[in-house]
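Comments concern the structure below.
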Amino acid sequence: MQISVTISRFNPDTDTSPRMEPWNVQVEDGARVLNVLERIHDMDPTLLFRSSCRAGQCGSCAVKMNGEPVLACTEEALDGMVIEPLDLPVIGDLMVDLVPGINDIPRIHPSECGTNPTQEDVLRIKPLRDCIECLSCVSVCPAMKVTEFLGPTSMRSQMRIALDPREPGNRIREALEQGLFTCTSCNRCWRVCPKNIETPGKAIEKLREIANREGLTLPRHQEVAELVRTTGRSVESGKHVFLDLVDEVIEPFGDVKREVGFFVGCMFNARLPERAMDMLEVMRHAGIRVIIPKDQVCCGSPLIRTGQTSIINALMEKNIRVFQDRGITTVMTMCAGCGATLKNDYETPFEVKDVSEILTETGLPPLKLLQTTATYHDPCHLMNGQQITKQPREILVQAVERFIEMPAMCCGSGGGVRSGLPDEAAALGEMRRTAIRKTGADVVVTICPFCEYHIQEHSDKPVKNLMTILVEALGEKPTELS
Ligand code: FES
């Protein structure tokens, strides 16, 4: 088959910036990206790229295909694909400098007083040992762009060492110096990992648990944990609290097409209740009955992400019980962080769906296009935590006249970084400001309360929740609480 491909070419000795070079090549059906690169290399032997095992085992062939890191030897080639180097220092064309990143990965130092791993130890270590050091995770990590964070695979290695009894010493202080608390829990490293290693959940949060046991949790994170312990909520109540403002059952205007339970989340409950009110207005028009148990509590996400897990089981049990007692079979979340936590950290007897999934499945009420140009910010806990990217866009393009894409990147508000390391959060927020300006959009739309709150501080344009946009497109007035 014939494949057209665009390749990034760059010679650091002669070029000031990369140039994109188009090629048409003939390859077998089912060809991999690496086959295409080799065919081009046959015609132009100056093309630089790496490969070795050709079987997804050595990690040397990682490149970006259409903006996403992939292993060239295992990824199927697509007609029209764009191939670029990973976002790391480029030696030439598609070849990047892997040496500094690989040298940074902590290694085990077996000690005489250590013991050999048991079979159980080996099983616990195994998910963290699958790394092939391709550095795809390092190339996408937002924290590494603005801090000295050593990176996801280094933290993965620190946790792997922590589980290995051959090295009985404790390296938690070393992990802290290497930036353990700078990770924003965006989960991008997990999503681009060719070996599907869940570094944030299986390494970084576990290392933070060890830090917590040793009294090394950041003071601001401890305050949040204390608030959850004493109030059941991670955000202090403001003037208006959503759960105090609404009835337990909200009926739609017409026939009931569907019924959902609503998991509110602390941010929408206490800091942005207007957005949750806007969502209820949309649900009324969409024919969806919403049940809102008043006795629900914090999902526990701020505690899990920061390694403070001593009361997590109690929070989980309570939240599951309040929905189960009411016979609710679908729980809807509107906060991306709560949704990712309920889906990934809980074992629920009910299904959990984001509001954008509910609305695209049930159908939107008739809307009038708003005369504006909107861009969309992907919340990490929705994009990486729940793999939801299409549904919010599907909704947004039905509500605004013009939609313009913006490259996805963490805004810096997650993982306890906004509260614990505000300078880092601000630096990432400023990167969003630049990206928003480049789009030329009039309004930035998102769906996560943390992103909305944080980006608004780093944007010259208004930031609106998708539900507020829908209320406007319904011809209604968004909720204002005085
Ligand atoms: Fe070894 Fe692709 S060549 S992973």
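All of the numbers you see were taken from the coordinates with simple rules; none came from a lab. Bear in mind the structure is a predicted one, so any value in this text is a computation, not a measurement. When we count neighbours, we look across all protein chains shown, and the Cβ atoms used for this are built from the backbone with ideal geometry, even at glycine.
Worth pointing out:
- Gap separating the Cα centres of region 457-482 and region 95-171, nearest whole Å: 44
- Fraction of beta bridges assigned by DSSP in the chain that are antiparallel (%, nearest 5): 45
- If R0 is taken as 35 Å, the Cβ-Cβ distance between THR373 and LYS202 corresponds to a FRET efficiency of 0.30.
- Tensor-based shape of the chain (alpha-carbon gyration tensor, a/c under 1.5 rounded, otherwise prolate or oblate): oblate
- ASP29 versus ARG124: modelled label distance in nm, points set 7 Å from Cα along the beta carbon direction: 4.9
- ASN66 versus ASP44: modelled label distance in nm, points set 7 Å from Cα along the beta carbon direction: 2.2
- The overall shape of region 311-374, judged from the alpha-carbon gyration tensor, is prolate: a/c is not under 1.5, and a/b is greater than b/c.
- Cα shape, region 1-146, gyration tensor, a/c 1.5 rule: prolate
- Estimated [θ] at 222 nm from DSSP helical runs (n ≥ 4, -39500 (n - 2.57)) normalised by residues in the chain, nearest 500: -10500 deg cm²/dmol
- Neighbour-count order for LEU86, LEU163, fewest beta carbons within 10 angstrom listed first: LEU163, LEU86
- Proximal charge balance of VAL260 [Cβ under 9 Å; K/R count +1, D/E count -1]: +2
- Angle of helix 219-231 to the longest C-alpha principal axis of the chain, folded into 0 to 90 degrees and rounded to 10: 30°.
- Using a Förster distance of 25 Å, the FRET efficiency for LEU245-GLU361 (Cβ separation, nearest 0.05): 0.40
- Burial ordering of CYS141, CYS335, CYS73, fewest other beta-carbon atoms within 10 Å first: CYS73, CYS141, CYS335
- Listing LEU47, LEU470 from fewest to most neighbouring C-beta atoms within 10 Å gives LEU47, LEU470.
- Length added when fully stretched, SER111-ILE311, from 0.36 nm per residue minus Cα-Cα: 68.5 nm
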